[in-house]
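One structure is given below, represented as C-alpha cells, and several questions about it will come after.
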Amino acid sequence: MPRGEFRAGQLPAYPFRSKHGALPLVGDARAVLEQLRKALRGRRVSRGFVRSVREARRDWDRAYQKLVRPRQGGRLRQAEAIRVLNEVEGATVVHAAGGIPGDIHKLWRPKDPRDCHSEYGYSCMGYEIAGALGVKLALPDREAIALLGDGSYLMLNHELLTSVQEGRKIVVVLLDNHGYQCIHGLQRSCGAKGFGNEFRFRRGGRLEGENLPVDFEANARSLGALALRAETQAELREALRRARRESRSCLIYVPIEPYDGLPGSSWWDVPVSEVSGQAAVRRARARYVHAKRRQRFYY
C-alpha cells in the first residue's frame with residue numbers, strides 16, 4: 001500500500017500481525033492519523049451516550065473511594081498501595097506484570113504525563129527494576145519507583161545491584177503476596193484447584209505447605225540497598241518520604257493481602273478444557289462458552 005494511503009476495509013496482501021479482534025490500519029502513522037482526523041471531523045456522539053459516560057464515571061468515582069479506603073485489621077491491600085504511590089509528586093512509577101497494571105489502569109489518577117510508565121504490551125515479569133533504572137538514566141531529576149510483586153522481584157532483582165553500582169538511585173516498592181497471585185486467580189477461575197503459583201513448601205506430595213520464608217529485606221541489603229518496611233498506608237507514605245531523602249537505592253517491603261484483588265471489569269478470553277472429570281472445570285467451561293457467545297469484535 002502506498003505510503004500514507006488508507007482505505008477502510010482494504011488490507012494489504014502481504015503477511016502482517018494484528019491485535020486479535022481488531023482492524024489493522026497499515027500506513028505511515030502520521031499520515032493515517034491526519035486522514036482519520038479529517039474523516040471524523042464534525043462527527044458527534046449522541047447526548048444519551050455522553051450522559052451514560054458521565055453516569056458511569058460518577059459510579060466509578062464512588063467505587064474508587066471504597067476500594068482505596070483503609071480497612072481496620074488485616075494487611076494492606078494492593079489498591080491502597082497504589083493510592084499512596086499516586087500521591088507522590090515528581091516521581092515516575094514503573095510497572096509491568098501481574099495484577100498491578102490492571103489495577104493501576106482502574107485506579108491511577110494522572111497528574112503529569114511522566115508519572116506512570118507501563119510496560120504491559122508483553123507483561124514482562126522482571127522488567128520493573130531494570131525499567132526504573134532506565135527511567136532514572138533518562139530523567140535523572142525525577143524519582144524512579146519500581147512497583148512490582150514478589151514473583152517479578154525474584155526474576156530480576158540483581159538490577160538493584162546495577163543501580164547501586166552506577167550510582168543511579170531508584171526506589172523499589174515490593175508488594176509481597178506470596179507468589180504469582182494474578183495467574184493463580186486465573187488458574188482457579190478455570191476450575192483448577194491451583195498449583196505451582198504460590199511460594200509454599202511441598203507437603204504430602206503437593207505444594208500446599210506453609211509460605212516460604214523469603215527475606216526480601218535482607219536480600220535488598222545484600223545488594224547494597226537500604227531496606228524499609230511498610231504495613232499501613234501511613235507507614236508507606238513515611239517510607240517513601242524517607243526513601244526520597246536517601247542518596248542510594250531503596251527497597252520498601254510491603255506485605256499485602258494475597259486474595260483481595262479489585263473486581264474485574266472485562267472478560268479475559270482464556271479457553272477452558274472441553275473435557276474434564278472435574279465438575280469445577282466443567283462449570284468453568286460452561287461459563288467460558290456462554291461468555292464467548294457474547295464476545296464483541298470491534299471491526
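Search segment 92-110 for residues that are in contact (Cβ under 8 Å) with a residue 24 or more places away in the chain and more than 24 Å from Leu137 (Cα to Cα) and pair each with any residue that is among the small types (Gly, Ala, Ser) and assigned to a helix (DSSP H, G or I) when their beta-carbon atoms are under 7 Å apart and the residues are at least 6 apart or on different chains.
Gly98/Gly151; Gly98/Ser152; Asp103/Ala79; Leu107/Ala79
Pull up segment 39-73, narrow it to residues that are of a type in the set (S, T, N, Q) and in a loop (DSSP other than H, G, I, E, B), then point me to the one that is surrounded by the most Cβ atoms within 10 Å (Cβ to Cβ).
If we take residues in segment 39-73 being of a type in the set (S, T, N, Q) and in a loop (DSSP other than H, G, I, E, B), then Ser46 is surrounded by the most Cβ atoms within 10 Å (Cβ to Cβ).
Now for a different question. Do you know which of the residues in segment 246-281 that are of a type in the set (D, E, K, R) and at pLDDT below 95 is nearest to Phe199 (Cα to Cα)?
Ranking the candidates gives Glu257 first.
On to the next question. Where residues in segment 175-210 are within 18 Å of Leu148 (Cβ to Cβ) and polar (S, T, N, Q), which of them is surrounded by the fewest Cβ atoms within 10 Å (Cβ to Cβ)?
Here the residue is Asn197.
Give the residue that is nearest to Leu67 (Cα to Cα), with candidates limited to residues of segment 244-271 that are out of contact with any Ser or Thr (no Cβ under 9 Å at 6 or more places or on another chain) and aliphatic (A, V, I, L, M).
Of everything passing the filter in segment 244-271, Leu262 is nearest to Leu67 (Cα to Cα).
Listed here are the residues, each with its yes/no results for (1) buried (at least 19 other Cβ atoms within 10 Å of the Cβ); (2) more than 23 Å from His178 (Cα to Cα); (3) basic (Lys, Arg).
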| residue | (1), (2), (3) |
| --- | --- |
| Asp103 | yes, no, no |
| Arg109 | no, yes, yes |
| His117 | yes, yes, no |
| Tyr122 | no, no, no |
| Ala130 | yes, no, no |
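From Glu235, Glu217, grab the single residue that is under 19 Å from Arg83 (Cβ atoms) and among the charged types (D, E, K, R).
Glu235
Could you please find all residues in segment 242-299 being in a strand (DSSP E or B) and of a type in the set (A, V, I, L, M, F, W, C)?
Initial filter on segment 242-299 (in a strand (DSSP E or B)): 250-256, 298.
Hits for segment 242-299 are Cys250, Leu251, Ile252, Val254, Ile256.
The values are calculated or read from the model by the stated rules, or taken from the named source; none is laboratory data. Since this is a predicted model, take the numbers as computed values, not measurements. Here Cβ is always computed from backbone atoms with ideal geometry, including for glycine, and neighbour counts include all displayed protein chains.
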